[in-house]
Amino acid sequence: MGILNSFSLEGKVALITGASYGIGFAIACGMHDAGARIVFNDINQELVDKGLAAYKEKGIDAKGYVCDVTDEDAVNALVARISEEVGDINILVNNAGIIKRIPMCDMTAAQFRQVIDVDLNAPFIVSKAVIPAMIKNGGGKIINICSMMSELGRETVSAYAAAKGGLKMLTRNIASEYGEFNIQCNGIGPGYIETPQTAPLRERQADGSRHPFDAFIIAKTPAARWGSTDDLVGPAVFLASEASNFVNGHVLYVDGGILAYIGKQPQ
Ligand code: NAP
Ligand code: GCO
């Protein structure tokens, strides 16, 4: 196989969760360009319809389903339906996620649990649902969308950091437990990416100046910019393809260098 062919996803079925917009949508479009058949889900019909229209506009014939990834019965039914209507899933991207920015001492246990449920329990539930067919078919790829918060903490994101740190370890454990079946489970750790999830951190101030967090991220990132969703496409296609067949249990940070950088020295 030629080197470029080893990046091809031709003939593969890819399920990207929560992929009506944002990071999941960009990754799905890239996987489509690399040859995969795209299937996605989202939490309600309105989002699925919005996603279907956006894929159509790009000339992509994606299949979209309503499914709450925290609901184990619904996920099992979805995976069975995809196998029947499209084919067994070869590539899973656990992308669906939520964040709650609340100081820890003001956060209720119910709010904390909700974040853990979507960002950590759900990747467990969806991965568990797709692994048996991957084993039967001789292998598969699972990509967990982790975060800077898989490594770092900051004010207000205790539940999210706990979930994304846990997701890094779930990634390593899936790799450890199912690597012998030719299943590769890796993570992508996006840096600060321009999506609706981070929009509140980039809002212009009343005087037109940058949000202090926006200026902070630019100073903290050697690339001196926020990431775009397109920055994640190449890494995702790599981790979904045969080019990464001996990469397992790894988190690939796509962060413009944030994790490598101690920060600007005071002038
Ligand atoms: P996002 O706002 O985090 O949303 C992803 C999608 O998941 C949304 O469509 C969301 O629906 C859906 N979703 C939420 N709960 C769900 C559930 N229970 N079942 C099914 N779908 C559900 O978008 P994003 O910023 O593109 O983030 C995608 C992933 O990357 C997330 O895991 C996020 O944590 C991670 N991430 C983002 C950044 C960043 O800078 N943006 C950086 C690192 C990691 P709703 O719109 O209704 O919530
Ligand atoms: C925050 C952010 C993040 C990012 C991302 C970083 O409030 O700090 O929303 O946590 O979105 O996950 O990688």
Dipole magnitude of the stretch 1-78 about its Cα centre, charges +1 at Lys/Arg Cβ and -1 at Asp/Glu Cβ only, in debye to the nearest 20? 380 debye
How large is ³J(HN,Hα), in whole Hz, for each residue of the stretch 90-96 in order, when computed from phi with the Karplus curve 6.51 cos²θ - 1.76 cosθ + 1.60 and θ = phi - 60°, using x for Gly and Pro? 9, 10, 10, 10, 7, 10, 3
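How long is the gain from Arg101 to Asn182 if the chain were fully straight, where each residue apart is worth 0.36 nm and the alpha carbon distance is subtracted?
Details: separation 81, 0.36 × 81 = 29.16 nm, distance 3.81 nm.
Once the chain is fully extended between Arg101 and Asn182, it gains 25.4 nm.
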Go through Lys100/Lys164; Lys12/Lys50; Lys164/Lys264; Lys220/Lys264 and tell me which ones have a Cα-Cα distance over 18 Å in this structure. Lys12/Lys50; Lys164/Lys264
Run the accessible area of the stretch 139-267 with a 1.4 Å probe and give the carbon-and-sulfur part as a rounded percent. 54 percent
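Quick check for me: using +1 on Lys/Arg Cβ and -1 on Asp/Glu Cβ, what's the dipole size of the stretch 49-105 about its Cα centre, in debye to the nearest 20?
Dipole magnitude for the stretch 49-105 comes out near 440 debye.
Can you tell me the dipole magnitude for the chain around its Cα centre, using point charges on the Cβ only (Lys, Arg +1; Asp, Glu -1), in Debye to the nearest 20? The partial results should precede the final answer.
Values: 23 positive and 29 negative charges, 123 e Å.
It comes to approximately 600 debye.
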Could you work out the relative contact order of the stretch 1-139, using alpha carbon pairs under 8 angstrom and six or more residues apart, expressed as a whole percent? 25 percent
If you scale each eigenvalue of the Cα gyration tensor by 5 and take the root, what three semi-axes come out for the chain, rounded to whole angstrom and sorted largest first? 30, 21, 19
Amide H neighbours of Cys185 under 5 Å, counting only residues 5+ apart in sequence or on other chains, H built in-plane at 1.01 Å? Ile142, Ala175, Gly249
With a cut-off of at most 11 other beta carbons within 10 Å, and DSSP calling the residue loop, which chymotrypsin sites (Phe, Trp or Tyr not before Pro) in the stretch 222-259 qualify? Please list them. Phe246
Using a Förster distance of 41 angstrom, determine the FRET efficiency expected from the C-beta separation of Ala223 and Asn76, and round it to 0.05. 0.50
Taking the chain and counting helices only, DSSP H stretches of n ≥ 4 at -39,500 (n - 2.57) each over all residues, the nearest-500 ellipticity at 222 nm comes to -12000 deg cm²/dmol
Once the dipole of the stretch 86-237 is set up with Lys and Arg at +1 and Asp and Glu at -1 on Cβ about the Cα centre, which of Pro123, Leu92, Leu167 lies farthest towards its positive end? Leu167
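So, by mean Cβ neighbours within 10 angstrom, what's the order for 138-149, 74-85, 5-16, 25-36 with the highest one leading? Show your work: numbers first, answer last.
Details: 138-149: 23.6, 74-85: 16.1, 5-16: 19.2, 25-36: 22.0.
Top to bottom by mean Cβ count within 10 Å: 138-149, 25-36, 5-16, 74-85.
The values are calculated or read from the model by the stated rules, or taken from the named source; none is laboratory data. All values derive from a computational prediction rather than experimental measurement. Reconstructed Cβ throughout: ideal geometry from the backbone, glycine too, with neighbour counts over all protein chains shown. To get the accessible areas, we keep the full protein, side chains included, count just its heavy atoms, and leave off ligands, DNA and RNA. Shrake-Rupley method; radii C 1.70, N 1.55, O 1.52, S 1.80 Å.
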